[in-house]
Amino acid sequence: MNTAADHTPIRILLVDDHTLFRRGLSALLSRDPGLQIVGDAADAGEAQRRAQQLNPDVILLDNHLPGVNGVDALPALREAAPGARILMLTISEDGEDLATALRGGASGYLLKTMEGEALARAIHRAMAGEAVVADEMTGKLVEVFRQAATPPAAVVDAAVPAAGALSPRETDILRGISRGDSNKVIARDLGIAETTVKIHVQHILRKLGVSSRVQVAVIAVERGLV
């Protein structure tokens with residue numbers, strides 16, 4: 001099994017019912033020497049068999065599969081490959097799908113609209129133990145936290161370190177991040193330049209000791225800022 005300490009490629013199983021998408025995604029991810037596509041599957045049953053045979057490090061799982069949806073297949077896949085990190089890769093921006101996936105043990109929830117390089121980075125981050133959720137889903141993730149008596153472990157397990165104090169402007173931007181707003185939207189709402197927002201976001205990440213906007217949203221919820 002791949003670990004952060006070695007340099008062997010991350011072994012990936014692709015699960016999607018569209019053959020052309022699987023082939024395209026395989027070609028795209030294979031450009032990264034740190035990633036290796038070891039197999040693919042078109043439905044949940046085949047995915048379970050392939051996961052058991054291949055013991056991948058990461059399973060990229062579409063939600064809309066024939067017969068059994070991806071989120072419903074999570075328990076069987078976790079049993080078939082207990083050490084694998086399962087990342088949903090879907091077109092669905094539905095908050096219920098997000099909540100179900102995270103509560104079902106998914107290590108992340110990504111959208112098919114993301115760029116290939118961003119997907120590769122997300123896979124590496126997931127292998128480093130980070131929960132990876134598409135920026136567009138951050139606001140819905142916050143709603144999951146608000147509504148759940150126990151927030152999804154996949155997100156909470158990313159430890160929240162002691163953080164330095166944020167300025168009033170940084171706190172405003174933190175709230176925007178927690179709504180799932182882009183830098184452009186935050187800039188418009190606050191009447192400042194987008195480049196200024198980008199600099200503030202970098203300062204926020206450094207002060208909070210985290211690496212992603214999702215982790216920022218987690219901290220905002222835990223501090224009662226949103």
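Can you tell me which residue within the stretch 61-78, out of those that are in a loop (DSSP other than H, G, I, E, B), open to solvent by less than 70 Å² (accessible area, probe 1.4 Å) and without any contact (Cβ under 8 Å) to a residue 40 or more places away in the chain, is nearest to GLN36 (Cα to Cα)?
Checked the stretch 61-78; the qualifying residue nearest to GLN36 (Cα to Cα) is ASN63.
Just to verify a result, which residue in the stretch 178-199, among those that are under 24 Å from PHE145 (Cα atoms) and at pLDDT 85 or above, is least open to solvent (accessible area, probe 1.4 Å)?
Taking the stretch 178-199 and keeping what is under 24 Å from PHE145 (Cα atoms), we get 178-183, 185-186.
Going one step further and asking which of them are at pLDDT 85 or above, we end up with 183, 185-186.
Numbers: ASN183: 32, VAL185: 40, ILE186: 3 Å².
For the stretch 178-199, the residue satisfying everything is ILE186.
With the structure loaded, tell me whether ALA106 is part of a loop (DSSP other than H, G, I, E, B), open to solvent by less than 20 Å² (accessible area, probe 1.4 Å) and modelled with pLDDT of 80 or more or whether it fails that test. Outline the logic, then answer.
Values: part of a loop (DSSP other than H, G, I, E, B): yes; open to solvent by less than 20 Å² (accessible area, probe 1.4 Å): yes; modelled with pLDDT of 80 or more: yes.
Judged against the criteria, ALA106 is a match.
In the stretch 1-60, how many are surrounded by 15 or more Cβ atoms within 10 Å (Cβ to Cβ), not in a helix (DSSP H, G or I) and not aliphatic (A, V, I, L, M)?
Number satisfying all stated conditions: 13.
Within the stretch 79-103, track down each residue that is open to solvent by less than 20 Å² (accessible area, probe 1.4 Å), assigned to a helix (DSSP H, G or I), closer than 17 Å to ASP135 by Cβ and free of Cβ contacts under 8 Å to residues at least 40 places away in the same chain.
Answer for the stretch 79-103, where residues must be open to solvent by less than 20 Å² (accessible area, probe 1.4 Å), assigned to a helix (DSSP H, G or I), closer than 17 Å to ASP135 by Cβ and free of Cβ contacts under 8 Å to residues at least 40 places away in the same chain: just ALA101.
The values are calculated or read from the model by the stated rules, or taken from the named source; none is laboratory data. Everything numeric in this text was worked out from a predicted model, so none of it was measured. Quick reminder, even Gly has a Cβ in these numbers, built from the backbone with ideal geometry, and neighbours come from all protein chains shown. To get the accessible areas, we keep the full protein, side chains included, count just its heavy atoms, and leave off ligands, DNA and RNA. Shrake-Rupley method; radii C 1.70, N 1.55, O 1.52, S 1.80 Å.
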